[in-house]
Amino acid sequence: MFLSNIDQVLNFDVQTVHFFPAHKDFPDPRVLAEKVRETLGKLLVPYDFLAGRLKLNGETGHLEIDCNASGAGFAVASSEFILDEIGDLVSPNPAFEQLASTNLDISKQDATDRPLCIVQVTSFKCGGFAMGFTNNHTTFDGISFKLFLENLAALAADKPLAIAPCNNRQLLAARSPPRVTFPHPELLKLNIANQQDPNPSVFQVSNEDLVFKIFSLSFNDISNLKEEAKFTSSTNTNGRMITSFNVVTAFIWRCKALYYDAVENMERESTILYAVDIRHRVNLPLPKSYTGNAVLTAYATGKCKELVERPFYKIVEMVAEGARRMTNDYARSAIDWGEVNKGFPHGEVMISSWWRLGFAEVEYPWGKPSYSCPVVYHTKDIILLFPEIVGDDHEGGENRKKGGGVNILLALPVKEMEKFEEFFNKYLFGLKDLN
């Protein structure tokens, strides 16, 4: 199966874990695990590529999926803990990696025969359980993975597919001949021969000792950020610019850029990256059911001096410009760039937003997840955004609600984390002093 140039640079695994409280209709974890296994088997018919394997086309140097029906992976595990004993599910916990298998049998598995999708069901002593997914990122982006989960839930409930998947990645193929009509400073060109690995990781795993920490912005904090953006604007600012995502990203960018070395080097340029969904930005718009990666990297660049001295709305405006830039022509130019170059997104930090994906809103026969999250990355180049959850983490229904705020997950060396926290509190408390 053809993979687009967007898919090509995402040859790495993404692990997500979805926690569920005990459910009266599934008291036996073996029955539940078998239900998930059977449903996954049915789902591999419309999602046949998930049973395939990645291969490199020697002629083109491009990755493809060989739909050879080698199969997806499935694992069952049990824990001696209850959910309450593993701590706050919102807190970053690298141990959650144990809940999402990456290899079924390391001693026997050929590196070229790795499943593109592995599902693990882990039961806890309290009757709760976790579903862990390990997917190669070439298979889905966040939006299409949400549709995959909705289809899994539908088939598990003996219902038709929620939406039939569109597996045609040619919809985002490069033009022939490719036409790079814009500069793309958000992309870094690499000099890689065809016989070498043409798809290095977007961000490398750090060898540094990192600490993980969550910073929270409440609904009121975000509302205050929006008000500050309006308050500091001396012109009639376009209200569409002042979104929750834009103000939170601008706030993070200012803190992240300044903690680095701003005091010594105020002229240093800082670049922040974030993903923009192009499904409705290209001509013709992609179907909602498109299964591939349909996001491109937007960017904002500014000197540290500007991030200190400019009013907040200007920083928000710089962030918003990244998405405004993503027209059909720009998106097609970026895709064509990947046809004539080998490279990947390049910036100081990437914002990876799980804020609005809605994984925890999927209704399975065994209920909605009490929490859904990715396994934390051991890299300081990626900042994750999660929805705020209020109420009991291990309960469903009315006790589990979105709070309207956002949790911000960072991984940094200790000293750098202290500096980031200093700026975070400085600007957040300064914001509250204005109100």
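The values are calculated or read from the model by the stated rules, or taken from the named source; none is laboratory data. The structure displayed is predicted, hence computed values, not measured ones. Neighbour counts run over all protein chains shown; Cβ positions are idealised from the backbone, glycine included. What goes into the accessible areas is simple: the full protein's heavy atoms, side chains included, and nothing from ligands, DNA or RNA. Shrake-Rupley method; radii C 1.70, N 1.55, O 1.52, S 1.80 Å.
What to note about this one:
- 14 Å Cα-Cα reach of residue 24 towards aspartates and glutamates, excluding residues that sit fewer than 8 places from it in its own chain: 395
- Taking all protein chains together and rolling a 1.4 Å probe, residue 373 ends up with roughly 10 Å² accessible.
- Protection proxy ranking, highest mean first, for peptides 154-164, 30-40: 30-40, 154-164, where packing is the per-residue count of other beta-carbon atoms within 10 Å, averaged.
- Between residue 310 and residue 55, the modelled labels are 4.9 nm apart [label points 7 Å from Cα along Cα→Cβ].
- Over 29 Å apart at the Cα level, from the set 226/305; 303/415; 342/368; 226/419, are 342/368.
- Normalising the average separation of contacting C-alpha pairs (under 8 angstrom, six or more residues apart) by the number of residues puts the relative contact order of the chain at 24 percent.
- Sorting 370, 123, 353 on solvent-accessible area from highest to lowest, probe radius 1.4 Å, gives 353, 123, 370.
- Between residue 218 and residue 422, the FRET efficiency estimated from the beta carbon spacing at R0 = 22 angstrom works out to 0.65.
- Summing Cβ point charges (Lys, Arg +1; Asp, Glu -1) relative to the Cα centre of the chain gives a dipole of roughly 1200 debye.
- Bridging of residue 426 to aspartates and glutamates at a Cα separation below 18 Å is possible for 221, 227, 228, 261, 306, 309, 416, 418, once same-chain residues fewer than 8 apart are set aside.
- Share antiparallel - DSSP beta bridges, the range 1-131, percent rounded to 5: 65
- When 352, 78 are compared by accessible area at a 1.4 angstrom probe, the order from most to least is 78, 352.
- Antiparallel DSSP beta bridges within the chain, as percent of all bridges there, nearest 5: 80
- Straight-line cross-link reach from residue 35 at under 16 Å between alpha-carbon atoms covers these aspartates and glutamates, not counting any fewer than eight positions away in the same chain: 25, 150, 158, 363.
- Applying 1/(1 + (r/R0)^6) with r as the Cβ-Cβ distance of residue 84 and residue 211 and R0 = 22 angstrom yields a FRET efficiency of 0.35.
- Shape box of the chain [Cα atoms, principal axes, largest first, Å]: 61, 55, 40
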